[in-house]
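See below for the structure under consideration.
The values are calculated or read from the model by the stated rules, or taken from the named source; none is laboratory data. Quick caveat, the model's predicted, so the values are computed rather than measured. As a convention, Cβ positions derive from the backbone with ideal geometry for all residues, glycine included, and neighbour counts pool all protein chains shown. Side chains are part of the model used for accessible areas, which takes the heavy atoms of the whole protein and leaves out ligands, DNA and RNA. Shrake-Rupley method; radii C 1.70, N 1.55, O 1.52, S 1.80 Å.
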Amino acid sequence: MKPKFGSQLLTLPQIFDGNLFNVPDYQRGYAWTETEVKALLEDIDHLLLTEGQGSHFTGTLVVNNVADDMRFDIVDGQQRLTSIVILMRCLRAVLTNTGLSELIAERYLKRGPLGNEILVLQLGTDSREFFERVVLGDDSTNQLQPTLAAHQNMEQARKTIETWLKTKDATFAEGLIPVLESRLGLLVYNPNESAEVGIMFEVINNRGKNLSQLEKVKNYLIYTATKLGANSTREKVNSRWSSILKNLHLAHHTSDKQEDSFLRSASILQFSLNKNDSGDVYYMLRTKFLRIENVLADKTSREAAITQIESFVELLEKASHWYAVLYGNLHEGLDKKIAAAIERIYAQQQHANIMPILLAVLIRHGGNHKSDGTLVRLLELIEKINFRVHIAPGITYRTDSGQGMLYGVAAKYHNQNAVFEFEPGHTDSKGNTEIQLEYKLVRFALEYATDSNLENSIVLDDDDNQFDFYQWSGLKYFLICYEASLNESKTVKYGQILSPRSSMKTGDYYSVEHIWATKHEQDIYDGIIDSHCKRRLGNFMLLELNLNIIGSAGDLKSKVTLYSGKSKNNVNSERIPAQPSEMAQVRELIKDAKGALSNIDSAAFADKRRRPYREIHRDISEKREKRFKTFIVKQWSLKEYRGYHEALKALRNKDDD
């Protein structure tokens, strides 16, 4: 391949012969899924059906010369080129023609003397070893585990191609290779301007390609460091980015949306972005914080930009670590109280509003994974305000209520600026930012949800014909917390309520059960259904899935018998005794149910006018909701935190005004 092309449609041998390719670290990892790989294979199948119809254009390749005329950085097209190399590796594995096998290896895979081979296509630092050993080589994932989504994608690509080849006859590969080499073409560009770094950046980030914000930001940081001549800074970006991606992989947060959310939270801390600006971090970097014209203005600006880049990437790495701890359940080495507080926050599942302040607190206090009490106290406070304001039903009308204020507090706290203004002479006016943070968060929570608001949030109004607590996103979390309060001696695994049903035994999976089944009495009493009673919070409990499956549509009597372990059920045509529920709230229900049933005479069940189940379940729900009211105020109480009484006083004064 010559270093200057203009633009040419070239065959695979014309592209590969004598040339070496490198995927720079600023490029995204291998992102093709099974869908894109299958589309390539379908193109090849179509190519075979249209023999003699000329070359087939399969994509664009943009490259840039590096050390010499034979070495090229791939600017664009690495996904397709990598897939072609994987395809050639799979074809070579089934070839019986030794000469053709050696030709494929030399042209597309490795070159050089044994022991000193050079990969024809060398991927970025994060994927290089996995690509060589597992994808192109014979190592299994037992020897080298995938740690990035890119690794999993490459492994899947190889498996997809291997599966496709198994559908072909024994001579297919030998006949396919000449067709691929003569008719499969790429349109190749090789820009030859001196400002190739700028060209690479513009092509990658602005050609309409579906890159995540995180990928664009990485590219821009490397681009800026290169323009600044800061090679060590560029190396730091690459090195830390590898750790960032591995941590996000461990956190199972690798989709574009998840990566963008992570970037947004960390950028709020670094740049004190407001709610609107944090939605496009890449734009803010380009136009404000690291605008090229500004950072190159003078020595002071250059040094400030280098410091900004390095501190930002360091923050991203720390934030990604706590993402892995939170979402990957990586609690090893954590203080038990810290781990327990993090698990409860994880179980809440709604984190968008609190993530910046959560990260700020963890980054400041969690460096050694030990607790001096401050971290646990603040984590528990964050959990409480998140439930009170954003999870409790009906407290706010918008899911992002108060988000802008919380983002601002998080940025100030992270940068050790004042987050709360005390009145002159206040006893805590000289306190540290932790004290200020308590005051601010407590006041924020009470402005949205007083204890009275909290109590009322779990009561279904008599005239409410729409809301159903079964649809409440916080229902499982509320019930698991209630379970923990009833059985304090037992360790409750909060995260268990979020585990996939398929990954657990039915006796270990907690499901939400209607006490008064939705379908029970649906066709009785002239079709009248007490939907209000069936929608109220008192009609729901957590139950082992196996018991839920067996008794889901039964009446209360049969459920009490089942949950007590006194009934036998058909399992694979055998009568198997059901195990009693181990849930404390179920045992509590059994007691309530027996009391309610004993208050109804047997004749009432035959009297359509009495509707005994309505009376029974209303009685049960009212008893349970009375307990729930006491529980919710106690569980998410703010009385122990600084500023509680002052906040109540301020609210009363505001009401008086």
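Data overview
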item: Residue pairs meeting the criteria (Cβ under 6 Å; at least 6 apart or on separate chains; first under 21 Å from residue 417 (Cβ atoms), in the stretch 264-290; second part of a loop (DSSP other than H, G, I, E, B)); result: 267/273
item: Condition check for residue 372: free of Cβ contacts under 8 Å to residues at least 12 places away in the same chain, out of contact with any helix residue (DSSP H, G or I) (no Cβ under 6 Å at 6 or more places or on another chain) and either within 20 Å of residue 476 (Cβ to Cβ) or open to solvent by 10 Å² or more (accessible area, probe 1.4 Å) (or both); result: yes
item: Set 537, 486, 542: member being open to solvent by 40 Å² or more (accessible area, probe 1.4 Å), modelled with pLDDT of 90 or more and under 20 Å from residue 458 (Cβ atoms); result: 486
item: The stretch 279-294 - residue that is in a helix (DSSP H, G or I), charged (D, E, K, R) and in contact with a helix residue (DSSP H, G or I) (Cβ under 9 Å, 6 or more places away or on another chain) and, of those, least open to solvent (accessible area, probe 1.4 Å); result: 286
item: The one condition in (1) in contact with a strand residue (DSSP E or B) (Cβ under 9 Å, 6 or more places away or on another chain); (2) closer than 22 Å to residue 341 by Cα that residue 413 fails to fulfil; result: (1)
item: Filter result (surrounded by 19 or more Cβ atoms within 10 Å (Cβ to Cβ) and free of Cβ contacts under 8 Å to residues at least 12 places away in the same chain) within the stretch 378-405; result: none
item: One residue from 496, 471, 466 being of a type in the set (S, T, N, Q), modelled with pLDDT under 80 and surrounded by fewer than 18 Cβ atoms within 10 Å (Cβ to Cβ); result: 496
item: Residue in the stretch 418-438 that is in contact (Cβ under 8 Å) with a residue 40 or more places away in the chain, crowded, with 18+ Cβ neighbours inside 10 Å and closer than 30 Å to residue 535 by Cα present; result: no
item: Identity of the residue in the stretch 146-185, open to solvent by less than 20 Å² (accessible area, probe 1.4 Å) and not in a helix (DSSP H, G or I), that ends up farthest from residue 9 (Cα to Cα); result: 148
item: The stretch 89-123, residues that are in a helix (DSSP H, G or I) and either crowded, with 22+ Cβ neighbours inside 10 Å or of a type in the set (Ser, Thr, Tyr) (or both); result: 98, 101, 108
item: Selection within the stretch 98-118 - touching a residue at least 60 places away in the same chain (Cβ under 8 Å) and under 24 Å from residue 160 (Cβ atoms); result: 100, 104, 107, 108
item: Matching residues in the stretch 211-263 - criterion: being part of a loop (DSSP other than H, G, I, E, B) and under 13 Å from residue 313 (Cβ atoms); result: 230
item: Residue satisfying all of: in the stretch 601-657; in a loop (DSSP other than H, G, I, E, B) and within 29 Å of residue 542 (Cβ to Cβ); modelled with the lowest pLDDT among these; result: 611
item: Single match in 272, 255, 267 (criterion: buried (at least 22 other Cβ atoms within 10 Å of the Cβ), closer than 23 Å to residue 351 by Cα and of a type in the set (Ser, Thr, Tyr)); result: 267
item: Among the candidates 297, 304, residue that is of a type in the set (A, V, I, L, M), surrounded by fewer than 17 Cβ atoms within 10 Å (Cβ to Cβ) and assigned to a loop (DSSP other than H, G, I, E, B); result: 297
item: Where a residue in the stretch 326-353 is on the phi > 0 side of the Ramachandran plot and part of a loop (DSSP other than H, G, I, E, B) and its partner, wherever it lies, is open to solvent by 20 Å² or more (accessible area, probe 1.4 Å) and modelled with pLDDT under 95, with Cβ under 6 Å and at least six apart; result: 333/369
item: Matching entry among 171, 160, 82 (being more than 20 Å from residue 48 (Cβ to Cβ), of a type in the set (Ser, Thr, Tyr) and out of contact with any Gly (no Cβ under 7 Å at 6 or more places or on another chain)); result: 82
item: Subset of the stretch 124-145 [open to solvent by less than 30 Å² (accessible area, probe 1.4 Å), touching a residue at least 12 places away in the same chain (Cβ under 8 Å) and in a loop (DSSP other than H, G, I, E, B)]; result: 124, 127
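Conditions (1) among the polar types (S, T, N, Q); (2) open to solvent by 10 Å² or more (accessible area, probe 1.4 Å); (3) under 21 Å from residue 474 (Cα atoms), marked per residue:
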{"site": "312", "(1), (2), (3)": "no, no, no"}
{"site": "317", "(1), (2), (3)": "no, yes, no"}
{"site": "320", "(1), (2), (3)": "yes, no, no"}
{"site": "330", "(1), (2), (3)": "no, yes, no"}
{"site": "342", "(1), (2), (3)": "no, no, yes"}
{"site": "346", "(1), (2), (3)": "no, yes, yes"}
{"site": "349", "(1), (2), (3)": "yes, yes, yes"}
